[in-house]
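The values are calculated or read from the model by the stated rules, or taken from the named source; none is laboratory data. Note that this is a predicted model, so its numbers are computed, not measured. Here the Cβ positions follow ideal geometry from the backbone for every residue, glycine too, while neighbour counts run over all protein chains shown. In case anyone asks, the SASA skips ligands and DNA or RNA and just uses the protein heavy atoms, side chains included. Shrake-Rupley method; radii C 1.70, N 1.55, O 1.52, S 1.80 Å.
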Amino acid sequence: MYLQRRNRILRRSAAIRSLVAETILRPADFIAPLFIDEGENIATEIASMQGYYRRSLDLTVKEVKELWSMGIRSVLLFIKCKDEWKDNTGKEAWNPDGLMQRSIKAIKDAVPEMVVMTDVALDPYSSYGHDGIVKEGEIVNDETVEALVKMSISHARSGADFVAPSDMMDGRIGAIRSGLEENGFTQTGIMSYSAKYASCFYGPFRDALDSAPGFGDKKTYQMDYANRTEAIKETLMDVEEGADIVMVKPAMAYLDIIREIKNTVDVPVSAYHVSGEYAMIKAAAKMGWLDENKAVIESLTSIKRAGADLIATYFAKDAVRLMG
Ligand code: PBG
C-alpha cells in the first residue's frame, strides 16, 4: 500500500505524542471549590462526594496552604449556614462577621496571593433553599438582585478577589458592578455563572450544603438544557454588564456550549465540573468499572480542549498529583 500521508506517525510513541499534544493541563487552570462549616478541627466527608470534605475554617486554611504549595492559584468558597440563621431575606449573607466573611479574611491573611472567589447566591442562606427571595411561590428578581449586591459588597469588603454570582437573576452583573464601583471596590472582579443550566448534576452539592430547594425546582431562573442560543445571549449580556470571567456549568454534558462561548466572547471562559460529575466518576471507580485516575485526566482535558480557560473542579488536587 502506498500512502502519501500516515497520521499514525504522530502517535507512534509517548514521546512523539507529547510533542504534538494540543491540550495540556496545568495547576493554574484549576479553581478548587471549598465547603466551609462552623466549628473547629472538623472535616466531614460528604456522603455523595466520597473523598471530598466540608471543613471548619481552621482546617480550610490548612487546605488552602496545601493547594497553594501544589500550584493551585484559586479557590471558590461556599459556606454551610446554620438552619437558625436561614430566612427568606438571606440577610446572613451580608453579615460582616458571617462565616463567609471570616473565611475570606482568614484565607487572605494566611495565603495573601491565593485568588479568593466567593459564591454569590442566596440558597445556602434561604429558608426555602432557593437562590432568591420567595414571594407567593415565586422567586422575585429585582429584590433578589438588591440582596446579591449587598452580599457582593460584603465579600469585597472582606477581601474577596472575585465574586461569583451563581443565581441567574436578570441584571445582577450590572447591578453588582455598579455596587462595587459606588463603594470603591474597583479591584474586585466578577466571575459570572453566565450559562448555568437547571441540572440534575448539582444533587450532591445540595447535600454538601443542605441547600436543596424546599419546593419546586430552579427552572424559572437556571437555563433549560435544551438551549444553546440562549447561552450566548446570557453570556454576551453578562460581558456587557461587566463580567470579567464567564462560566458554563455543568461542564461535561455542555462541551458544545463551552466551545460556542469560547468562540463568541473576548473574556476568559471557565467551566464548572460539578458535584454530580465528580460523584459519577467516584461511583464507577468504586465499582471497579472505571479507572478513576484516567477518567479524571481525560475529563478535565476534554473540558479544556472544548475551550475552558479555567476549570472549577473537585478533582483539582488529584489532577495536579496525577500531572506529576
Ligand atoms: C448555588 C450553587 C450551586 C452550585 C454552585 N453554586 C447549586 C445550585 O445551583 O443548585 C452547584 C455546584 C455543584 O454541583 O458542584 N447557587
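Kindly provide the set of residues from region 132-141 that are surrounded by 13 or more Cβ atoms within 10 Å (Cβ to Cβ) and not in a strand (DSSP E or B), ordered by number. Residues satisfying the conditions are 132, 141.
The single condition from (1) closer than 24 Å to residue 25 by Cβ; (2) away from the ligand (no atom under 16 Å from the Cβ); (3) in contact (Cβ under 8 Å) with a residue 24 or more places away in the chain that residue 69 fails is (3). Of the listed requirements (1) farther than 19 Å from residue 76 by Cα; (2) in a helix (DSSP H, G or I), residue 148 misses just one: (1).
Looking at region 154-173, is at least one residue among the β-branched types (Val, Ile, Thr), outside any strand (DSSP E or B) and under 22 Å from residue 310 (Cα atoms)? Checked region 154-173: at least one residue is among the β-branched types (Val, Ile, Thr), outside any strand (DSSP E or B) and under 22 Å from residue 310 (Cα atoms).
In region 221-231, which residues are away from the ligand (no atom under 12 Å from the Cβ), of a type in the set (S, T, N, Q) and either part of a loop (DSSP other than H, G, I, E, B) or closer than 17 Å to residue 193 by Cβ (or both)? Don't jump to the end; show me each part of the working.
Filtering region 221-231 for residues away from the ligand (no atom under 12 Å from the Cβ) gives 224-231.
From the residues that got through so far, the ones that are of a type in the set (S, T, N, Q) too are 227, 229.
The answer is 227, and nothing else.
Contact map, region 75-89: first residue more than 21 Å from residue 60 (Cα to Cα), second residue open to solvent by 10 Å² or more (accessible area, probe 1.4 Å) and in a loop (DSSP other than H, G, I, E, B), Cβ cut-off under 7 Å, separation 6 or more or different chains; pairs are 86/127; 87/127; 88/127; 88/128.
Residues of region 256-284 that are surrounded by fewer than 18 Cβ atoms within 10 Å (Cβ to Cβ) and under 25 Å from residue 50 (Cβ atoms): 280, 283, 284.
Going by the conditions given, is residue 184 modelled with pLDDT of 95 or more, assigned to a loop (DSSP other than H, G, I, E, B) and among the small types (Gly, Ala, Ser)? For residue 184, the condition - modelled with pLDDT of 95 or more, assigned to a loop (DSSP other than H, G, I, E, B) and among the small types (Gly, Ala, Ser) - is met.
Residue by residue through region 259-280, note down the ones that are assigned to a helix (DSSP H, G or I) and within 16 Å of the ligand (Cβ to nearest atom).
In the first step, residues of region 259-280 are kept if they are assigned to a helix (DSSP H, G or I); the result is 259-264, 275-280.
275, 276, 277, 278, 279, 280, listed by residue number.
Number of residues in region 95-131 that are open to solvent by 50 Å² or more (accessible area, probe 1.4 Å), away from the ligand (no atom under 16 Å from the Cβ) and within 22 Å of residue 144 (Cβ to Cβ) equals 1. Annotation note: of 243, 312, 308, the sole residue that is within 13 Å of the ligand (Cβ to nearest atom), surrounded by 24 or more Cβ atoms within 10 Å (Cβ to Cβ) and aliphatic (A, V, I, L, M) is 312.
I need the full set of residues from region 178-205 which are in contact with a Ser or Thr (Cβ under 9 Å, 6 or more places away or on another chain) and either at positive phi or away from the ligand (no atom under 16 Å from the Cβ) (or both), in order please. Scanning region 178-205 gives 179, 180, 185, 188. Taken as a whole, the condition of being open to solvent by less than 10 Å² (accessible area, probe 1.4 Å), modelled with pLDDT of 95 or more and over 16 Å from the mean Cα position of the chain (by Cα) applies to residue 231.
Can you spot a residue in region 144-152 that is more than 23 Å from residue 95 (Cβ to Cβ), more than 10 Å from the ligand (Cβ to nearest atom) and open to solvent by less than 10 Å² (accessible area, probe 1.4 Å)? Reasoning before the result, please.
Filtering region 144-152 down to residues more than 23 Å from residue 95 (Cβ to Cβ) leaves none.
No, region 144-152 contains no residue that is more than 23 Å from residue 95 (Cβ to Cβ), more than 10 Å from the ligand (Cβ to nearest atom) and open to solvent by less than 10 Å² (accessible area, probe 1.4 Å).
Residue-level analysis places residue 294 outside the set of residues that are more than 15 Å from the ligand (Cβ to nearest atom), open to solvent by 60 Å² or more (accessible area, probe 1.4 Å), touching a residue at least 60 places away in the same chain (Cβ under 8 Å) and of a type in the set (Lys, Arg). Considered as a group, the residues in region 211-220 that are touching an Asp or Glu at 6+ places or on another chain (Cβ under 8 Å) and open to solvent by 20 Å² or more (accessible area, probe 1.4 Å) include one that is nearest to the ligand (Cβ to nearest atom), and that residue is 213.
From the list 45, 40, exactly one residue is farther than 22 Å from residue 247 by Cα and in contact with a Phe, Trp or Tyr (Cβ under 9 Å, 6 or more places away or on another chain). Which is it? Residue meeting the stated conditions: 45.
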